[in-house]
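Asks: Encoded as structure tokens, here's the structure I'll be asking about.
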Amino acid sequence: MNDQIREKLSAYLDGALPDAERQAVELEIARSEDMRLELEALRAVSSAVKGLPREKLPDGFAARLESRRAREGSTPPRDYFILPPAYRPLAFALSTAVVALVVWDRTQTPDIVPQRVGWDGETVGIKSAAEAPPSFDVSGRLAAMEEAGSADKAAANELTAKKEDDAAPATLGKQHSAPGKPLEIQESEPAPSAGGAGAGFAALSAPAPADSIPTAPASPPSAADTIEGSTGYIARNEEERSAINERLYKGFEEEKKRMGIARIVDKDAEETGLASGGRDLMALQASPEAPSVAQRTGSVGAVRGGSGRRSSAPIVKALALKTPEALLAAWAAAGLAGEPPAVKFPGEMAVFLACPPGCGIVSVQSRKKLVVVLYKDTGYDDPSARVRALASSEKPVVVKRVE
Amino acid sequence: VSEQEFLEKHSELVFNLALRLTGNRSDAEDLAQDALIRALRALPGFRGDSQLSTWVYRITVNAWKNRVRAEKSRGFWKTISFGAFGNKDEDEPVYEPAGNDAPLDTELEKEGTNAVVQKALLQLDADDRAIVVLREIEERSYGEIAEVLGLAEGTVKSRLFRARAKLKLLLAKAPA
């Protein structure tokens, strides 16, 4: 009760209470010494504030006001600091959306892939066959072709062939866009609607000894040679299948050349036909068990075509090879014909230039702290220009392109 | 009402209200000019729904509250920017609050009770300060104060009581 009366003291002081409340307050004041003291204290505060003097306008106020009016014109002054109040809900909504997006992105579990060091020292992920995307699944394109009607079979086949020509190198390029990274060529899972072309490439890229790849156009026959659809079947004869496979194979070979890959070896294959047991090739195919070339040789220089930024241009590397097996493996991996030049191991080491066909070493300079390999694009393939003998050292090797 | 008549009648009123709200003559003049320019701009649209003085009070109090909000925003962003990106020592001199024996208190002693009361007023929050000033100095009724501040009359009544109680405590703590 006292608290309610106490709150009304302020209004009582101002004469702002209705009669009934005013009488109740007066009764309480008469009865309670505390109430009376509280009222006096509030009255003293009120008097103190009322005692603040009224002041006259500063000299020149009117002139300054007019001057400011003229200066500001009709533009209303800005009361806000950053954003007009009307835009604040929008800004809040946008910032909330951004935060939500970032939080959502952070909460996504990334795919964990095993890591290893690649040829040029970078850390790269290794994918298993099961994880590899169906890079050559052309079922969508074939389905579109199917809709064009079986009556126009010849035209449809031509369209399919053209699209496959376009698609195959692009897909390969994407898959191998980082030279030096592990290379995985996986078999496409033949979808129910995947036609002969898909199956044809599946045969091409199926895990098998590398030597089997060129024979891939002789793809397995079966239901994959036809396209099943609601309007019937599009049959492919042997000639058409061969043409499609030939085109895919050609694109594949071009991509290999662009990547500087001599051939692709199945990582599970035991027999590679190489004196080194295929260990050097393992680096190309990035078997998890194989030590990287960078680790083994201890010295690898690499340069990528164009500027220092990452690009899809082929990477050029110089390998400091200290054993004849390593040289032989690198030679074979580059697909070079004949025997590598003689190098007097172990007093000497072989500087091997790993690059696409048509390049060669100009000179090798052994400097104080590193070995500089100058190379250029000759336009023709001279295997002997890929190797230089040099006094064996642990110095790092760098590659530089000259015109 | 012509602009000239309006200014003659309300300039001093607005300046005094601004002086008690801001606590110093410089800010008061700036706020008063701001409020008067706004009022002059809006004067042709004044419909006479309320007293002209109440209308001018409302413009002045709103202009002042906008400034208080803007100052708070500046303070917030300054804190953020100095804290995150810069060395405060290099960006601006460190602000040191006045101690008990600083010149400010000496000045307060000279000016006596009025300065103490003004200092206590400045410690009230914006709405409470405006309520006390409009009631005690401008002698406006609860209804007019409610209209100026856009509050319910009951709210004005209860907040005035709390503001007076707080002032009582502040003045009791102030040096004699």
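Asks: Keeping to region A:328-349, report how many residues are in contact with a Pro (Cβ under 8 Å, 6 or more places away or on another chain) and either aromatic (Phe, Trp, Tyr) or free of Cβ contacts under 8 Å to residues at least 40 places away in the same chain (or both).
Replies: 2
Asks: Provide a single number: the residues in region A:54-67 that are facing another protein chain (nearest Cβ under 7 Å), open to solvent by less than 60 Å² (accessible area, probe 1.4 Å) and in a loop (DSSP other than H, G, I, E, B).
Replies: 3
Asks: Looking only at region B:154-176, count every residue that is open to solvent by 60 Å² or more (accessible area, probe 1.4 Å) and at the interface with chain A (Cβ under 9 Å from one of its Cβ atoms) and tell me the total.
Replies: Adding up the residues that qualify gives 3.
Asks: Now for a different question. Return a yes/no flag: does region B:77-95 have any residue that is at the interface with chain A (Cβ under 10 Å from one of its Cβ atoms) and at pLDDT 55 or above.
Replies: So far as region B:77-95 goes, yes, one or more of its residues are at the interface with chain A (Cβ under 10 Å from one of its Cβ atoms) and at pLDDT 55 or above.
Asks: Next question. Please work out if A:Pro76 is open to solvent by 50 Å² or more (accessible area, probe 1.4 Å), modelled with pLDDT under 85, more than 9 Å from chain B (Cβ to nearest Cβ) and on the phi < 0 side of the Ramachandran plot.
Replies: The answer is no for A:Pro76.
Asks: Let me ask something additional. Restricting to region B:136-153, name every residue that is of a type outside the set (A, V, I, L, M), open to solvent by less than 40 Å² (accessible area, probe 1.4 Å) and within 9 Å of chain A (Cβ to nearest Cβ).
Replies: Scanning region B:136-153 gives B:Glu136, B:Tyr142.
Asks: Counting only residues that are in contact (Cβ under 8 Å) with a residue 60 or more places away in the chain and more than 9 Å from chain A (Cβ to nearest Cβ), which one in region B:14-34 is nearest to the chain's Cα centre (by Cα)?
Replies: B:Leu21
Asks: Working only within region B:112-144, note down all residues that are part of a loop (DSSP other than H, G, I, E, B), charged (D, E, K, R) and more than 20 Å from A:Ala16 (Cβ to Cβ).
Replies: Result: B:Asp125, single match.
Asks: Additional query: Only one of A:Gly338, A:Gly347 is of a type in the set (Gly, Ala, Ser), open to solvent by 30 Å² or more (accessible area, probe 1.4 Å) and either under 12 Å from A:Leu390 (Cα atoms) or at pLDDT 85 or above (or both). Can you tell me which?
Replies: A:Gly347
Asks: Every residue in region B:21-39 that is open to solvent by less than 20 Å² (accessible area, probe 1.4 Å) and either outside any helix (DSSP H, G or I) or under 22 Å from B:Arg140 (Cβ atoms) (or both), please.
Replies: Passing the criteria: B:Leu21, B:Ala28, B:Leu31, B:Ala32, B:Asp34, B:Ala35, B:Leu36, B:Ala39.
Asks: Also, quick follow-up: For region B:55-68, check the following and say yes or no: at least one residue is touching a residue at least 40 places away in the same chain (Cβ under 8 Å), of a type in the set (S, T, N, Q), in a helix (DSSP H, G or I) and more than 10 Å from chain A (Cβ to nearest Cβ).
Replies: yes
Asks: Another one. Does B:Lys72 qualify as being surrounded by fewer than 20 Cβ atoms within 10 Å (Cβ to Cβ) and at pLDDT 90 or above?
Replies: In short, no.
Asks: If we keep just the residues of region A:1-17 that are crowded, with 18+ Cβ neighbours inside 10 Å and either of a type in the set (Ser, Thr, Tyr) or more than 10 Å from chain B (Cβ to nearest Cβ) (or both), which is farthest from the chain's Cα centre (by Cα)?
Replies: Within region A:1-17, the match that is farthest from the chain's Cα centre (by Cα) is A:Tyr12.
Asks: When you look at A:Val25, is it open to solvent by less than 60 Å² (accessible area, probe 1.4 Å), in contact with a helix residue (DSSP H, G or I) (Cβ under 7 Å, 6 or more places away or on another chain) and more than 10 Å from chain B (Cβ to nearest Cβ), yes or no?
Replies: Criteria met by A:Val25.
Asks: Test B:Arg38 against the criterion of being basic (Lys, Arg), within 10 Å of chain A (Cβ to nearest Cβ) and more than 21 Å from A:Gly60 (Cβ to Cβ), and give yes or no.
Replies: Spelling it out, it is not the case that B:Arg38 is basic (Lys, Arg), within 10 Å of chain A (Cβ to nearest Cβ) and more than 21 Å from A:Gly60 (Cβ to Cβ).
The values are calculated or read from the model by the stated rules, or taken from the named source; none is laboratory data. Being a predicted model, the structure only gives us computed values, none of them experimental. Cβ coordinates were reconstructed from backbone atoms using ideal geometry, including for glycine residues, and neighbour counts include every protein chain displayed. Accessible surface areas use protein heavy atoms only, side chains included; no ligands, DNA or RNA. Shrake-Rupley method; radii C 1.70, N 1.55, O 1.52, S 1.80 Å.
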